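Colleague: One structure, as structure tokens, below. Some questions next.
The values are calculated or read from the model by the stated rules, or taken from the named source; none is laboratory data. As the structure is a computational prediction, the values presented were derived from the model and not from experiment. A quick note on method: Cβ atoms are made from the backbone with ideal geometry, for glycine too, and the neighbour counts reach across all protein chains shown. These accessible areas exclude ligands, DNA and RNA; they are computed on the full protein's heavy atoms, side chains included. Shrake-Rupley method; radii C 1.70, N 1.55, O 1.52, S 1.80 Å.
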Amino acid sequence: MQENHEGVILSKRLQTVASLVEPGSILLDIGTDHAYLPINLYHQKKIDHAYAGEIAKGPYENALENIKKYQAENTIELFLGTGFSVVEQIDNPEQIDVITIFGMGGQLIADIIQEGVNKNQIPADAELILQPNNQESVLREKLIQLGYDIVAEEIIKEQAFYYEIIKAAPVSSAINYSEEELFFGPILLEEKSD
């Protein structure tokens, strides 16, 4: 990651995740690592507030250092904890309207979301922006099972790797996707990018 006077410059993958966050959002970033995403969104004035969770002590301390370094302590609150358990440390979690989880396997992201649903920790109206490193079809299937619809998808190449970014929103009626749509992504199939 590079930096400039306005904060961190994100990798192409994280820029794509950031581009899917609506202006004025209240963000929950799960597995924030160095807190680069919320710091960047804060400096772009794209978020009103952010909560960031990190499971490991080392990355948690790095994130804390970065939040202070970029003077974002008033906007970004950092918590040590696993998955959606950090929601229990937040005063008004129902305000959260977008949740980001990226840089993990699709199965792990699916498991984190399932556990959040089981424990009633996911704010009801929050959109999810997810970037699985593999098993994208497993994640899409889990989203559909849990009452989400895929509302945006991007595929990008960074260095030698391809990454899929999936944005999902809660819906009241059941959605059905074909095997092909689950595998390739319903929106990516429609767009047929290079």
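Colleague: Name the shape class, rounded, prolate or oblate, that the alpha-carbon gyration tensor gives for region 56-137, where a ≥ b ≥ c are the square roots of its eigenvalues, rounded holds for a/c under 1.5, and otherwise prolate holds if a/b is larger than b/c and oblate otherwise.
Modeller: Oblate is the answer for region 56-137, as a/c is 1.5 or above yet b/c matches or exceeds a/b.
Colleague: Here's another thing I want to ask about it. Given axes a ≥ b ≥ c from the Cα gyration tensor, I'd like to know whether region 13-101 is rounded (a/c under 1.5), prolate (a/b larger than b/c) or oblate.
Modeller: Rounded, because the longest to shortest axis ratio a/c is under 1.5.
Colleague: Using r as the Cβ-Cβ distance of residue 82 and residue 125, and R0 as 30 Å, what FRET efficiency do you calculate, to the nearest 0.05?
Modeller: 0.80
Colleague: With the contact rule set at Cα under 8 Å and sequence spacing of 6 or more, what percent relative contact order holds for the chain?
Modeller: 17 percent.
Colleague: Where the centre of each part is set by its Cα atoms, how far does region 80-122 sit from region 26-75, in angstrom?
Modeller: Each part reduced to its Cα centre gives a spacing of 15 Å.
Colleague: Let me see the P(r) profile for the chain: every Cα-Cα distance counted, bins of 5 Å, each bin given as a percent of all pairs.
Modeller: Once binned at 5 Å, the Cα pair distances of the chain give 1, 8, 17, 21, 21, 16, 10, 5, 1, 0.
Colleague: Considering Cα pairs under 8 angstrom that are at least six residues apart, work out the relative contact order of region 13-92 and quote it in whole percent.
Modeller: The normalised contact order for region 13-92 reaches 30 percent.
Colleague: Quick check for you: which residues of region 32-62 have the amide N under 15 Å from the point 7 Å beyond the Cα of residue 68 toward its beta carbon?
Modeller: From region 32-62, the list is 58-62.
Colleague: Quick check: with the 1.4 Å probe, what order do 48, 125 take by accessible area, largest first?
Modeller: 125, 48
Colleague: Report, in deg cm²/dmol and to the nearest 500, the calculated mean residue ellipticity at 222 nm for the chain, where each DSSP H run with n ≥ 4 adds -39500 (n - 2.57) and the sum is divided by the residue count.
Modeller: -9500 deg cm²/dmol
Colleague: Once label points are set 7 Å from the Cα along Cα→Cβ at both residue 174 and residue 118, what is their separation, rounded to one decimal in nm?
Modeller: Distance between the two pseudo-spin positions: 2.3 nm.
Colleague: Let me ask something additional. What relative contact order, as a whole-number percentage, does region 49-117 give when Cα pairs under 8 Å and 6 or more residues apart are counted?
Modeller: Relative contact order of region 49-117: 33 percent.
Colleague: Can you tell me what the convex hull of the Cα atoms of region 111-189 projects to on average, as an area in nm²?
Modeller: Answer in nm², one decimal: 5.3.
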